[in-house]
1. Could you please put Asp152, Asp48 in sequence from largest to smallest accessible area, using a 1.4 Å probe?
2. Apply the Karplus curve 6.51 cos²θ - 1.76 cosθ + 1.60, θ = phi - 60°, to the phi angles in the range 134-148 and return the couplings in whole Hz, x for Gly and Pro.
3. Would you kindly find the accessible area of Thr128, with a 1.4 Å probe and non-protein molecules such as ligands, DNA and RNA excluded, rounding to the nearest 10 Å²?
4. Residue by residue through the range 17-28, which ³J(HN,Hα) values in whole Hz follow from phi under the Karplus form 6.51 cos²θ - 1.76 cosθ + 1.60 (θ = phi - 60°), with glycine and proline marked x?
5. For the range 160-261, rounded, prolate or oblate, judged on the Cα gyration tensor with a ≥ b ≥ c (square roots of eigenvalues), a/c < 1.5 rounded, else prolate if a/b > b/c?
6. Extending each Cα 7 Å along its Cβ direction at Lys206 and Glu7, get the distance between those two points in nm, one decimal.
7. Greater than 22 Å separation of Cα atoms is the criterion. Which listed pairs, Lys120/Lys257; Lys3/Lys132; Lys138/Lys300, meet it?
8. Using modelled backbone amide H atoms (1.01 Å from N, in-plane), which distant-in-sequence or interchain residues come within less than 5 Å of Leu131's amide H?
Amino acid sequence: MPKKRWEAFPGRNRFFCGGRIIMAKQINVFFVTLLLIIGVSVLFFIFDAKYLSDHVSPIVPVIAAVLFIFTLLFLFRTSFSDPGILPRATGDEATFNDRGATSNVDLSEDVSYRNPPRTKDIIVNGETVKLKYCFTCKIFRPPRASHCSMCDNCIERFDHHCPWIGNCVGKRNYRYFYLMIASITLLCIYILTFTLVHIVMLSKEKEDSTLISAMSATPASVIEALICFFAVWSVLGLAGFHSYLAGTNQTTNEEIKGSWAQRHGEVVRNPYTTNNCCSNFAKILCGPSYTSLLRLREDKNKEKKDLERVREKIEKMYEEQPPAAFGSLELRELGGGIRNHCYSGSMDSFP
């Protein structure tokens with residue numbers, strides 16, 4: 001039986017369900033995240049929900065259940081999906097890039113070796129952006145892409161590698177990561193608030209009741225409150241930080257490196273921002289969904305046929321128009337074909 005692409009994938013990833021789920025190699029911390037979310041929520045539904053439903057409102061456990069479901073859905077969507085992995089160059093492509101060949105060179109011919117340029121300059125919305133060559137993937141990374149050392153893959157619009165979700169955060173799963181952080185923040189605040197309400201109401205039920213006696217009567221609520229109290233500061237800070245990034249259309253990687261910070265007195269403009277917080281949010285969180293470039297469940301031998309098809313298409317494009325006009329067309333079309341020389345021009349609206 002022909003081997004599927006996910007079975008011969010060169011990156012450091014784990015695959016489940018026949019290649020439908022992709023995660024990082026190290027996923028132990030992901031199970032800690034899952035345990036904390038499910039554990040605290042289950043304790044709340046067992047020890048607090050009934051009392052709050054009877055003495056406050058039946059809607060209290062319903063809202064908690066909705067937040068819990070949304071948190072798990074966004075967590076699984078972020079953790080189990082391709083974050084935007086760029087396919088590595090095939091053998092012929094690597095030779096093509098290393099020799100700096102043009103589209104009409106036969107790679108089987110013995111041509112003299114020439115070191116390829118390690119960077120390329122392109123124009124994005126009027127600003128010069130450098131494309132860097134990845135020595136592992138043998139490709140020129142598109143704008144905002146970076147190589148993750150944990151997963152050993154180049155990721156489009158790379159934000160960061162998150163051990164808590166067991167995956168990278170990039171172009172294809174950033175919106176779900178943000179929604180997951182927002183959902184966890186709301187869930188933590190909600191459970192913390194109503195466990196405290198439960199404890200306080202118990203302490204006032206009888207005249208001789210105290211806060212200590214109420215806490216002794218429901219120790220599970222105390223555990224929930226403590227976990228949520230310490231967790232809420234981290235997730236709240238993380239939600240605020242990523243709200244700032246989304247509002248300015250930056251990534252964590254760009255913010256840490258200071259890609260758009262002032263240098264030597266010169267103002268460096270972020271070419272990707274719309275200069276409007278709301279439109280930046282809409283662009284990132286409500287923009288189109290992006291198709292995976294990996295095609296993990298296809299036969300690996302199909303890649304050679306795809307490469308030949310794209311070669312023919314590139315040659316035809318070179319005849320009809322200069323390469324600056326196609327931008328990243330081949331990258332989106334093939335997910336494994338010749339793509340590097342397609343980033344050598346001007347792209348006015350690269351995401």
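1. Asp152, Asp48
2. Whole-Hz 3J(HN,Hα) from phi for the range 134-148: 9, 6, 7, 8, 6, 9, 7, 5, x, x, 6, 7, 8, 8, 7.
3. 90
4. So the J values, rounded to whole Hz, are 6, x, x, 6, 10, 10, 9, 6, 5, 8, 10, 4.
5. Prolate, since a/c reaches 1.5 and a/b exceeds b/c.
6. 6.7
7. Lys3/Lys132
8. Amide H neighbours of Leu131, under 5 Å, 5+ apart: Lys120, Asp121, Ile122.
The values are calculated or read from the model by the stated rules, or taken from the named source; none is laboratory data. In this text, all values refer to a predicted model and were calculated from it rather than measured experimentally. Positions of Cβ are generated from backbone atoms using ideal geometry, with glycine treated the same way; all protein chains shown enter the neighbour counts. Side chains included, ligands, DNA and RNA excluded: accessible areas come from the protein's heavy atoms. Shrake-Rupley method; radii C 1.70, N 1.55, O 1.52, S 1.80 Å.
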